[in-house]
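S.K.: Got a structure here, written out as structure tokens. Questions coming.
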Amino acid sequence: MSAQQDKQFSVTVIGLGPMGHAMASAYLDAGHRVTVWNRTASRADDLVARGAVRADSAEQALAANELIILSLTDYAAMYAILEPATAALDGRVLVNLSSDTPDRAREGAAWAAGHGAVQITGGVRTPPSGIGTDDFATYYSGPREVFERHEDVLKVISNTDYRGEDPGLAALYYQLQMDIFWTALTSWLHSLAVAHANGLTASDIKPYASEVLSGMDQFLDYYTPRIESGQHSGEVERMSMAVASLDHVVHTTRDSGVDPALPAAVLETFRRGVAEGYAEDSLTRLFEVFGRKGADAEAAGAA
Ligand code: NDP
């Protein structure tokens with residue numbers, strides 16, 4: 001990131017939770033001018049001590065710079081902060097790095113446009129410790145020309161991964177990764193609870209948990225082209241085997257006195273696959289079963 005460190009940028013960061021704080025800090029570390037605003041003003045104290053300018057209001061924070069980084073819990077927080085300050089939105093570029101749904105990101109972009117601002121949607125793929133490095137990339141989507149004009153400034157936060165003009169795209173890619181992330185992390189926590197109930201520690205199972213998670217890549221390599229060509233034959237694993245195997249996990253969990261709700265919910269989806277006639281097929285059929293369930297639920301809601 002040496003090229004952009006040669007220039008000095010001026011940027012506003014609104015939202016100083018762990019992420020926004022790390023972003024403001026990265027800008028200061030790289031010698032850029034930073035204006036900050038946060039609902040809980042004290043979270044800016046150490047940044048101000050290092051040279052950041054504390055805006056007294058959201059309106060002042062918007063007035064200070066063209067480029068505004070938003071790092072908030074969700075889009076509702078953006079409206080809570082910016083609705084009273086819409087008069088200062090004209091001409092601003094809002095880089096919204098808050099997590100939310102693709103639809104809410106699109107609504108946010110339309111709302112910003114209605115006030116003369118442009119939204120670039122973001123999805124950050126690192127915890128705060130990775131901010132200010134180029135080890136990770138952040139998804140971006142929205143008007144390409146605006147993104148490219150500000151890309152050097154955004155590269156201070158992390159590498160960039162521009163996904164396209166649709167403001168919902170960065171949010172979509174981000175939520176797809178979160179779908180995997182939260183489920184995988186929770187499955188590890190669940191297996192830890194079972195391990196603990198049986199006298200094993202987190203350290204005892206760490207190498208084996210890592211083996212499963214890092215080995216997932218090989219499964220993705222194998223299944224991705226098969227799924228894309230509609231190939232779900234069960235020569236490697238069959239859904240009937242997966243039902244029996246996961247049933248053993250549920251029973252091991254119960255026998256250990258641990259809450260079985262998580263694996264039981266997954267087992268229920270495997271059983272649904274079998275009930276739909278896929279006992280002899282690969283587990284990858286579930287991706288079709290999930291899709292149909294969503295469509296069924298929507299149809300039932302509309303009826
Ligand atoms: P937090 O939820 O901890 O903090 C977000 C900020 O939102 C705080 O500044 C908080 O203000 C503000 N906020 C929330 N609600 C309101 C409101 N109604 N009005 C005004 N301000 C509000 O989030 P993080 O900093 O951890 O993360 C920011 C975003 O980045 C989130 O969307 C998160 O999902 C995403 N993310 C987080 C990662 C992480 O590891 N933390 C990793 C990748 C993405 P106050 O300080 O006053 O409470």
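The values are calculated or read from the model by the stated rules, or taken from the named source; none is laboratory data. In this text, all values refer to a predicted model and were calculated from it rather than measured experimentally. We place every Cβ from the backbone using ideal geometry, glycine too, and count neighbours over all the protein chains shown.
S.K.: Anything in segment 95-148 that is crowded, with 18+ Cβ neighbours inside 10 Å and among the hydroxyl-bearing types (Ser, Thr, Tyr)? List them, or say none.
M.R.: 98, 99, 121, 126, 138, 139, 140, 141
S.K.: Among the residues of segment 110-119, write down those that are touching a strand residue (DSSP E or B) at 6+ places or on another chain (Cβ under 6 Å) and assigned to a helix (DSSP H, G or I).
M.R.: 112
S.K.: Could you run through segment 165-174 and say how many residues are within 18 Å of residue 220 (Cα to Cα) and of a type outside the set (Phe, Trp, Tyr)?
M.R.: 0
S.K.: What are the pairs with Cβ atoms under 9 angstrom where one residue, in segment 127-143, is at positive phi and at pLDDT 95 or above and the other, located anywhere, is of a type in the set (Ser, Thr, Tyr) and within 14 Å of the ligand (Cβ to nearest atom)? Sequence gap at least six, or different chains.
M.R.: 132/25; 132/158; 142/121
S.K.: Tell me, which helices (runs of 4 or more DSSP H) lie completely within segment 19-109 with 3 or more residues that are more than 10 Å from the ligand (Cβ to nearest atom), in the same structural domain as residue 153 (by TED's automatic domain parsing) and over 20 Å from the mean Cα position of the chain (by Cα)?
M.R.: Details: elements: 45-49, 58-64, 75-82.
Filter on segment 19-109 gives 45-49, 58-64.
S.K.: Out of (1) at pLDDT 95 or above; (2) surrounded by 12 or more Cβ atoms within 10 Å (Cβ to Cβ); (3) in a helix (DSSP H, G or I), the odd one out for residue 207 is which?
M.R.: Result: residue 207 fails condition (2) only.
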